[in-house]
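Novice: Below you will find the structure I want to go over with you.
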Amino acid sequence: MTARRDFLKQSGALVVSFALAPAAAAQGAKEGGPKLPGSLAKDPFLDAWIRVEASGAITVFTGKAELGQGIRTAILQVAAEELDVPLAGIALVTADTARTPDEGFTAGSHSLQDSGTAIRNAAAQVRALLVAEAARRWRLAPATLRVEDGSVRATDGRSAAYGELAASLDLHVQAKADAPLKDASAFRVMDRPVPRVDIPAKVTGGLAYVHDLRLPGMLHARVVRPPGYGARLVSLDAGAAERRAGVVKVVRDGSFVAVVAQREWTAIRAMQDLARGARWSETPALPDARKVAALLDSLPSRDTVILERRGAQPNAARTLEATYTRPYLAHASIGPSCAVAHLEGDRLTVWSHTQGVYPDRKAIAEMLGMPAEKVRVIHLEGAGCYGHNGADDAAADAALVATHVPGRPVRVQWMREQEHAWEPYGPAMLVRVRASLDERGRIAAWDYGVWSNTHSTRPGGAGSLLAGRHGAKAFEPPPPRAIPQPEGGGDRNAIPLYALANARVTSHFLAPMPVRVSALRSLGAHMNVFAIESFMDELALAADADPVAFRLAHLEDPRARDVVRAAAERFGWRSAARGGTGIGQGFAFARYKNLAAYCAIACEVEVDLDTGQPRIGRVVAAVDSGQVVNPDGLRNQIEGAIVQSASWTLYERVAFDAKRIRSVDWQTYPILRFASVPRSVDVHVIDRPGMPFLGSGEAGQGPAAAAIANAIAHGGGRRRRDLPIARA
Amino acid sequence: MKRSLVTRGLAALAVPAFAGSCATSGDPALARLQAPPARAAFSASLVGRGARLAALGDCRGCHTAQGGRAFAGGRPLETPFGTIYSTNITPDAKTGIGLWPEAAFRRAMREGVDRSGHHLYPAFPYDRFTLASDADIGAIYAYLMTRPAVESRHPGNRLAFPFNVRAFIGVWKALYFRPGPWQDDPAHDARWNRGAYLAEGLGHCSSCHTPRNALGAERADRHFDGGDAEGWHAYAIGAGSQSPLPWTEEAMRAYLRRGWEARHGVSRGTMAPVTRELAKADPADVSAIAHYIVSLMPRSAAAPGVSAASRAGDPEGARLYASACESCHEGDEPLPFAGIALRRSIGAAGESPRNLLNVILYGLPPADGATAPVMPGFAGAMTDAQVAALARYLRESFTDKPPWRDLDAVVREARAAGPRIAQAPAGAMGTDPANVAETR
Amino acid sequence: MSTRIEVNGTWRDAQSDADTPLLYVLRDELALNGAKYGCGLGQCGACTVLVDDAAVFSCVTPLAMVAGRRITTLEGLGTLERPGRVQRAFIEEQAAQCGFCIPGMILRAEALLRASPHPGEAEIREALHPNLCRCGTHVRILRAVRKAAGT
Ligand code: FES
Ligand code: FES
């Protein structure tokens, strides 16, 4: 346990392993010095994070982006708390290569751990500097001063506003590792359900998304994508499109085809004209979408044993074995990807809902053969992305098209069928697990293997962008890389948190990617937790034990035990509940990545015994994400994760035939609708004041999947090991 | 329209089944069982056969409320005469049929009399089920008695005079009900007879597809000439079929099993739940039904559809079609995930415009978590006049049929019925879109 | 040729071609953000607006179809300073994650409440059925609609 705890203390400083090597890295952490907390390690200067103007205006900078997870509000809360100013008094600038630090990608539930931690520490230090400055001016001891509402006050009534003090203060100084942070008991803004700052504009029609950006003189473009992955453009008859009134330009660059028009609807009609006028060569290369296990087994694998524990060998009384599969899953954002780009002279500006402005800039610059400094990428919100979807590709499309209409901003909006067919999916996965029970019904041995493609092909270069690949330069996609443990990619959460004396876990990394894949919320954790937690129930059944008790018997981590007990209690878990009645209860637990938030979920599912069709009733979750910044925001995230995971788990599968993706809209890629929404979802937050932030945005995905599957099995439906459960 | 209003109401009355007891029939009450029979009392193969037969009769469709548990009843049926709720046919002892002996179940199916000896409303189509064999009824009994018991009582029926008068059913039965098991027709082979037995009996196709008289009985002289049910028209499926494409047995089999057929289109409205259940029935039985039904239909199309080239018609309708319909209905994507070419559609060629209007107004609502076609409805965007213009245009330019009479009135009726009539979404199309392409 | 429509209480002469879907007239010509493009196929509801009092998919509604009609978008229900009752309920319940589906949800809820001021749970779910949310905000959306309905 100790090792994990130590690790946990520093986990705020973890660098996303697949992020690009940050230029400023290592600067902060001098040889042998203490490591700076959060992203301060990458960018240690205070003024990179916080600026205080002489006017008193405070601006906070984060390299993270709002993705609908409420990060804007949470970061403002953190900054307001440590600066002791009202939340409304702070301007927040998010991911922009010209203005904010490089924090890699907004992904992996890292935002609060990385950026929140950095800003909290930076804010505390800025506040201390402001107090010190006042103390210097007044010749008083800093400890005698207090801070109130953006002013430093002395006991004698003297006071100075932050702006006044900041005028003679240089914040371009390096952060220290040991800033005095506020005690949790003194919080006024953190640990409170502060209303999200982005919601009012979103519900009244304000400019909230890149989709809504309208620049003077802006043109509209549409791209014509090939019919399938391997297709190449043979010929293009652009006549009809070019003759259409309002069409500005048809762009052809290798197999990249686009049209630019004055009006959006014109661009769409012209896109349809072009699609009719395009001839493609297609090569049938896709495997059978329905046979996940056979498909993954057929690919060469690179194997890594990621856990090997050899304890005393107890007698195995029974051995169980199972195989679980998951198909390709789409992010299927509600708003298809969109970007605006503007080439002015030799400078290109791109507005994008990318998760990583810096990496995207580098890839776009490479694609266009421009120096990266000439490219600025600014994040504006898109619809929820849940990982790497079409955002970066749309940004590249806009960038490439903008170079053909210099001087005019151009907006590229993907069509629904393009979003569905061209986004990089969450990879199909296969798990084989075998375990034995001893006479006392405890797990004696555990052998687990997971097969998967990479879970990140995020922009590492022009070859990871569709426009880069389809353009005449035809950049090659970079070779896929596995995300190493402890975070893991396909093997994320493949190591169970349970105390197992004998265990082996093998990660089978599959390099060849017949289908385009990348990061989907929670990466491999959804599948691994689904498999592990389903199998735990199968073992509990074999051991004739209650599933919750069985888990507790194998759990040592006290925080894990707390969430398990809390979820079971709040749900009203009935340990003796009879199965097979058509109504089942299910339970599951995981700690995301084994280092972020803890989450346990109990749920009730009605199962139609004939059709096997499930209907989710009550769901109760308990979550421990360390110090809570915004409890309501956290609940919102977990609720969303549960409902989304229910949709993945029950209904979703990307369909394709030998040549083409066939899931191109909501008919062919059905997701959960209101009738199937659980009757209720209650999230119970276990507060851990003063503990480090633990990322929680993806913590619910795995446990929700397994809890549902377990409830279905208990209710009398069969044990379902192949996703999607309700369509298999 | 008067006739159709009455028959629609009565037909609706006949649709949802087992609608609750009424007058005593003069038949004795049959003794209750001590307790619901044990699961072990029925063999797995018997239960399995019962499941397939129950699917064929779509017991579930009427006896399951929206969002409710299977067979627990309570599905309301609104008729001009009041509201009828289907009964709980789970083996719950208190509120279901858990204490019914098999003989009582058989009598209900055959004679329309419940366990305690009361007449059942003909909304439960015992006029059809009476043809079923003892063995088949026994299998269905075994199946129902092994479903999870659900305690669920439904509110009492609310019917207007004279339908609320118990003796009324006795009179109705005396006039129209002819009990008796099915007799094979020696002029036909075994497969045809099997199909006929199922289609006319358990499948109760004619309950919807045959027009009814003023008292809600099927008109024997117009068997399969098309009827009305729950706001939808059940097209003629006999000699009077108006399909612009002649049905083949193969096409009919595919349609019934999957709920869609590549050239004829998708099942919708009250037929959608029927085909959803047929997917679970014995394939050989569905195939026999297809064989039988198609044998009754004309060999060649009553009138072939008109090609797009020869279109003429209502100019307002033409404009609406071109701007709102054409992109989906004349694309080159295959069914069921694209709009059907309207010259092939029974919607435009059928004897009643009602289904076409329902679909224009309310679309094909999306299924939950299943691959199924979705069509947006236009009830909010289009005025009655626009809907009528569009329907007129489709009729004029995609068929050579005479104009529908009373079109404007049916538009008003369809709108007044509201979107609820479209609420039963299509079931899964039994396939991934990838496989759809292969069948092209 | 222009087409007259009343948008959020003001008569406008839309210049777009008569067959342009209303969605693009609202977004592109009239610069309104409320209606979103989600699918263009009438499958997701992101583009929902009111025509008179009924919810319609603006993405599949040609401009000519609604000539002379009264159209209400998200902007017509209230403002940042004075949000309408359904908007207020969504803010109070914090019923949004990315929020992209929310305008459509709000307008569908508005149409429901105009037709049926005190809908039950089943009625609310049925009314919202045409609209998709990918973030899984459904539970809060339902809560917000119940709050707006006062049920
Ligand atoms: S955008 Fe109109 S329904 Fe999806
Ligand atoms: S809140 Fe993001 S799609 Fe609904």
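The values are calculated or read from the model by the stated rules, or taken from the named source; none is laboratory data. These numbers come from a predicted model, not from an experiment. Methodologically, a virtual Cβ is constructed for each residue, glycine included, from the backbone with ideal geometry; neighbour enumeration extends over all protein chains shown. Ligands, DNA and RNA are excluded from the accessible area calculation, which covers all protein heavy atoms including side chains. Shrake-Rupley method; radii C 1.70, N 1.55, O 1.52, S 1.80 Å.
Novice: May I ask you to list pairs of residues, at least six apart or on different chains, whose Cβ atoms are under 7 Å apart, with the first in the stretch C:1-15 being open to solvent by 90 Å² or more (accessible area, probe 1.4 Å) and the second being among the charged types (D, E, K, R)?
Specialist: C:ARG4/C:ASP13; C:TRP11/C:ARG4; C:GLN15/C:GLU29
Novice: Does the stretch A:378-413 hold any residues that are away from ligand 2 (no atom under 16 Å from the Cβ) and closer than 12 Å to A:GLY335 by Cβ, and which are they?
Specialist: The answer is A:ALA394, A:GLN413.
Novice: Right, another one. Working carefully through the options A:GLY254, A:GLY246, find the one that is surrounded by fewer than 20 Cβ atoms within 10 Å (Cβ to Cβ), away from every other protein chain (no Cβ under 12 Å) and touching a strand residue (DSSP E or B) at 6+ places or on another chain (Cβ under 9 Å).
Specialist: None of the other options fit; the residue is A:GLY254.
Novice: Okay, next question. In the list A:ALA332, A:ALA322, A:ALA289, which residue meets the criterion of being more than 14 Å from chain C (Cβ to nearest Cβ), closer than 28 Å to A:ARG721 by Cα, assigned to a loop (DSSP other than H, G, I, E, B) and in contact with a Lys or Arg (Cβ under 9 Å, 6 or more places away or on another chain)? Break it down into steps so the answer makes sense when it comes.
Specialist: On the way: A:ALA332 fails: more than 14 Å from chain C (Cβ to nearest Cβ); A:ALA322 fails: assigned to a loop (DSSP other than H, G, I, E, B).
Of the residues listed, the single one that is more than 14 Å from chain C (Cβ to nearest Cβ), closer than 28 Å to A:ARG721 by Cα, assigned to a loop (DSSP other than H, G, I, E, B) and in contact with a Lys or Arg (Cβ under 9 Å, 6 or more places away or on another chain) is A:ALA289.
Quick grid of which residues meet (1) open to solvent by 40 Å² or more (accessible area, probe 1.4 Å); (2) away from chain C (no Cβ under 14 Å); (3) farther than 24 Å from A:ILE334 by Cα; (4) in contact with a His (Cβ under 7 Å, 6 or more places away or on another chain):
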position	(1), (2), (3), (4)
A:ALA154	no, yes, yes, no
A:ASP183	yes, yes, yes, no
A:TYR229	yes, yes, no, no
A:ARG232	yes, yes, yes, no
A:ASP237	yes, yes, yes, no
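Novice: Right, another one. I'm told A:PRO480 meets every condition in (1) closer than 28 Å to A:CYS599 by Cα; (2) in contact with a Ser or Thr (Cβ under 9 Å, 6 or more places away or on another chain); (3) open to solvent by 20 Å² or more (accessible area, probe 1.4 Å) except one. Can you identify the failing condition by its number?
Specialist: Condition not satisfied by A:PRO480: (1).
Novice: Any chance the stretch A:87-96 includes a residue that's in contact with a Leu (Cβ under 7 Å, 6 or more places away or on another chain), within 14 Å of chain C (Cβ to nearest Cβ) and farther than 14 Å from A:ASN630 by Cα?
Specialist: Looking through the stretch A:87-96, none of the residues is in contact with a Leu (Cβ under 7 Å, 6 or more places away or on another chain), within 14 Å of chain C (Cβ to nearest Cβ) and farther than 14 Å from A:ASN630 by Cα.
Novice: Could you tell me whether A:ALA421 is within 16 Å of ligand 2 (Cβ to nearest atom), surrounded by 23 or more Cβ atoms within 10 Å (Cβ to Cβ) and within 14 Å of chain C (Cβ to nearest Cβ)?
Specialist: No: the conditions fail for A:ALA421.
Novice: Among residues belonging to the stretch A:631-671 that are among the β-branched types (Val, Ile, Thr) and in a helix (DSSP H, G or I), point out the one that is farthest from ligand 2 (Cβ to nearest atom).
Specialist: A:THR649
Novice: What number of residues within the stretch A:525-560 satisfy the criterion of being under 29 Å from A:HIS455 (Cα atoms) and touching an Asp or Glu at 6+ places or on another chain (Cβ under 6 Å)?
Specialist: Total satisfying the criteria: 1.
Novice: For the stretch A:626-653, how many residues are surrounded by fewer than 24 Cβ atoms within 10 Å (Cβ to Cβ) and facing chain C (nearest Cβ under 7 Å)?
Specialist: 1
Novice: Please work out if A:GLY205 is without any contact (Cβ under 8 Å) to a residue 24 or more places away in the chain and within 29 Å of C:ILE102 (Cβ to Cβ).
Specialist: So A:GLY205 passes the test.
Novice: Scan the strands (runs of 3 or more DSSP E) fully inside the stretch C:21-86 and keep the ones with 1 or more residues being under 12 Å from the mean Cα position of the chain (by Cα), within 14 Å of ligand 1 (Cβ to nearest atom) and more than 14 Å from A:GLU264 (Cα to Cα).
Specialist: Ranges flagged: C:48-51, C:54-57.
Novice: Using the structure shown, decide if C:THR137 is within 16 Å of ligand 1 (Cβ to nearest atom), facing chain A (nearest Cβ under 8 Å) and buried (at least 22 other Cβ atoms within 10 Å of the Cβ).
Specialist: Judged against the criteria, C:THR137 is not a match.
Novice: Can you name every residue in the stretch C:59-102 that is under 13 Å from C:LEU23 (Cα atoms), away from chain A (no Cβ under 12 Å) and not hydrophobic (A, V, I, L, M, F, W, C)?
Specialist: Within the stretch C:59-102, C:THR61 is the sole residue that qualifies.
Novice: Checking the structure you have, find out if any residue of the stretch A:455-470 is open to solvent by less than 10 Å² (accessible area, probe 1.4 Å) and of a type in the set (Lys, Arg).
Specialist: Within the stretch A:455-470, none of the residues are open to solvent by less than 10 Å² (accessible area, probe 1.4 Å) and of a type in the set (Lys, Arg).
Novice: Moving on. Where residues in the stretch A:335-351 are open to solvent by 10 Å² or more (accessible area, probe 1.4 Å) and assigned to a strand (DSSP E or B), which of them is farthest from ligand 1 (Cβ to nearest atom)?
Specialist: A:ARG347
Novice: Among the residues of the stretch B:370-395, which ones are at pLDDT below 95 and surrounded by fewer than 23 Cβ atoms within 10 Å (Cβ to Cβ)?
Specialist: Result: B:ALA370, single match.
Novice: Out of the residues in the stretch B:396-430 that are basic (Lys, Arg) and not in a loop (DSSP other than H, G, I, E, B), state the one that is modelled with the lowest pLDDT.
Specialist: Ranking the qualifying residues of the stretch B:396-430, first place goes to B:ARG420.
Novice: Another one. For the stretch A:226-279, which fully contained strands (runs of 3 or more DSSP E) count at least 3 residues that are in contact (Cβ under 8 Å) with a residue 40 or more places away in the chain and touching a Pro at 6+ places or on another chain (Cβ under 8 Å)?
Specialist: none
Novice: At pLDDT 95 or above, among the charged types (D, E, K, R) and more than 29 Å from the chain's Cα centre (by Cα): does that describe A:ARG244? Break it down stepwise before answering.
Specialist: On the way: at pLDDT 95 or above: yes; among the charged types (D, E, K, R): yes; more than 29 Å from the chain's Cα centre (by Cα): yes.
Answer is yes for this residue.
Novice: Being more than 27 Å from A:VAL628 (Cα to Cα), within 14 Å of chain C (Cβ to nearest Cβ) and open to solvent by 20 Å² or more (accessible area, probe 1.4 Å), is that true of even one residue in the stretch A:189-207?
Specialist: Let us first name the residues in the stretch A:189-207 that are more than 27 Å from A:VAL628 (Cα to Cα), namely A:204-207.
Cutting the leftovers down to within 14 Å of chain C (Cβ to nearest Cβ) gives us A:204-207.
Within this subset, residues satisfying the condition of being open to solvent by 20 Å² or more (accessible area, probe 1.4 Å) are A:206-207.
Yes.
Novice: Residues C:ALA122, C:ALA127, C:ALA95, C:ALA115: which one is open to solvent by less than 10 Å² (accessible area, probe 1.4 Å) and either more than 16 Å from ligand 2 (Cβ to nearest atom) or in contact with a helix residue (DSSP H, G or I) (Cβ under 6 Å, 6 or more places away or on another chain) (or both)?
Specialist: Exactly one residue qualifies, and that residue is C:ALA95.
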